[in-house]
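The values are calculated or read from the model by the stated rules, or taken from the named source; none is laboratory data. What you are looking at is a predicted structure, and each value in this text was computed from that prediction instead of being measured. FYI the Cβ positions are ideal-geometry reconstructions off the backbone, even for glycines, and counts take in every protein chain you see.
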Amino acid sequence: MSDIEMITQALDAIPDPAGKGGLIASGRAAAPRLADGRAGLILDVAGLSVAQRDALGADIEARLKQLDGVNEVRIAMTSARTQRMLVAIASGKGGVGKSTVSTNLAIALKRLGLKTGLVDADIYGPSQPRLTDTEGKRPVAEGQKLVAVDTPFGVPLLSMGHLVKPGQAIAWRGPMAGNALGQLIDAEWGDANVLIADMPPGTGDVQLSMVQKHKPIGAVIVSTPQDLALIDATRAIDLFRTSDVPIIGIIENMSGYACPHCGEISDPFGSGGAEAAAKEMGVPFLGRIPLAMDIRAASDAGQPPAAGNGPHAAAFMSIAEQLAAWIRTHGG
């Protein structure tokens, strides 16, 4: 057996982290060579996290150095740039539950098979670390890029809440906030090719920066049923339409409250307003999320309902199925 054949055999005995057989058979490793005791190869690390890349490189080096005549191992790591699709989850005003909806939709899309990441673009009021039980985690840097934080739900996340102390005010002017948002989006996301962006409320500088510089493939508008929230939601829709960002649809959040004692349904914020507004504006209505204590309590505990199988998970999953279908059709 020649030296190259021994190296090839050793490489193919190492399983591909993506589960596609050995490194040679999967195409992960290529062009093995040996000269003057130096073994070299090209390793495609597309879709692998930083930890996976480091572990795989160490494994290759250890195994090849066990071969006769191999004193040094050189690995050239390459990776094609992943084309990512940004979906903005927006609202015209605060207090409508946009962040909770963003978290649960990202998790539901992951469960539906999409490679999904979550960007906490609400620079001034980051809440995703609490919602995803990642408070206290800090992202590392790879070169000039941040590396997204792993969450317990398989959805990588980046948030200003990971970069500042809990409760610390972020008193930045528009350009600084816009630059920070760019660093969060243009980060290392592994194989995630759909990024759900939890937008700040309103239609100010950060929203304009997002639309102009990062061009979402579409936007989902979150509103509560009452007239005031719908007026603000209309402004958010106008911002995206003016910027040629398609409106994927409207979600009515906090829609209907079931009394925990008698089961009677009441509508403290009204009912059906978002659906009527969607029809009037000619955009799809994606569904309703109820006003429920369980959703609030689970979210505060870092256990989003969409990660489970309860009745509230079904509400988020139904909306996520429509969003996934839209992304697959329009995402290119």
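Residues satisfying the criterion are absent from segment 141-150 (criterion: crowded, with 23+ Cβ neighbours inside 10 Å and either closer than 16 Å to Leu105 by Cβ or at pLDDT below 85 (or both)). When the residues of segment 74-116 are filtered to those that are part of a loop (DSSP other than H, G, I, E, B) and charged (D, E, K, R), the one that is modelled with the highest pLDDT is Lys115. Restricting attention to segment 1-19, the residues being of a type outside the set (Asp, Glu), over 12 Å from Ile60 (Cα atoms), touching a residue at least 40 places away in the same chain (Cβ under 8 Å) and surrounded by fewer than 18 Cβ atoms within 10 Å (Cβ to Cβ) number 0.
Of all residues in segment 9-43, those satisfying the criterion of being small (Gly, Ala, Ser), in contact with a helix residue (DSSP H, G or I) (Cβ under 8 Å, 6 or more places away or on another chain) and within 13 Å of Leu67 (Cβ to Cβ) are Ala10, Ala13, Ala39.
Close Cβ contacts (under 7 Å, 6 or more residues apart or on different chains) running from residues in segment 209-237 that are in the same structural domain as Leu286 (by TED's automatic domain parsing) and modelled with pLDDT of 85 or more to residues that are assigned to a helix (DSSP H, G or I) and not aliphatic (A, V, I, L, M) comprise Ile217/His330; Gly218/Trp326; Gly218/His330; Ala219/Phe240; Val222/Lys98. When restricted to residues that are aliphatic (A, V, I, L, M) and either assigned to a strand (DSSP E or B) or at pLDDT below 90 (or both), segment 45-73 contains 6.
Candidates are the residues of segment 26-59 that are polar (S, T, N, Q) and surrounded by 16 or more Cβ atoms within 10 Å (Cβ to Cβ); the one that is nearest to the chain's Cα centre (by Cα) is Ser49.
Of all residues in segment 44-76, those satisfying the criterion of being of a type in the set (Lys, Arg) and out of contact with any helix residue (DSSP H, G or I) (no Cβ under 8 Å at 6 or more places or on another chain) are Arg53, Lys65, Arg74.
Selection within segment 238-267: residues that are at pLDDT below 85 and within 18 Å of Lys93 (Cα to Cα). The member of this set that is surrounded by the fewest Cβ atoms within 10 Å (Cβ to Cβ) is Ser255.
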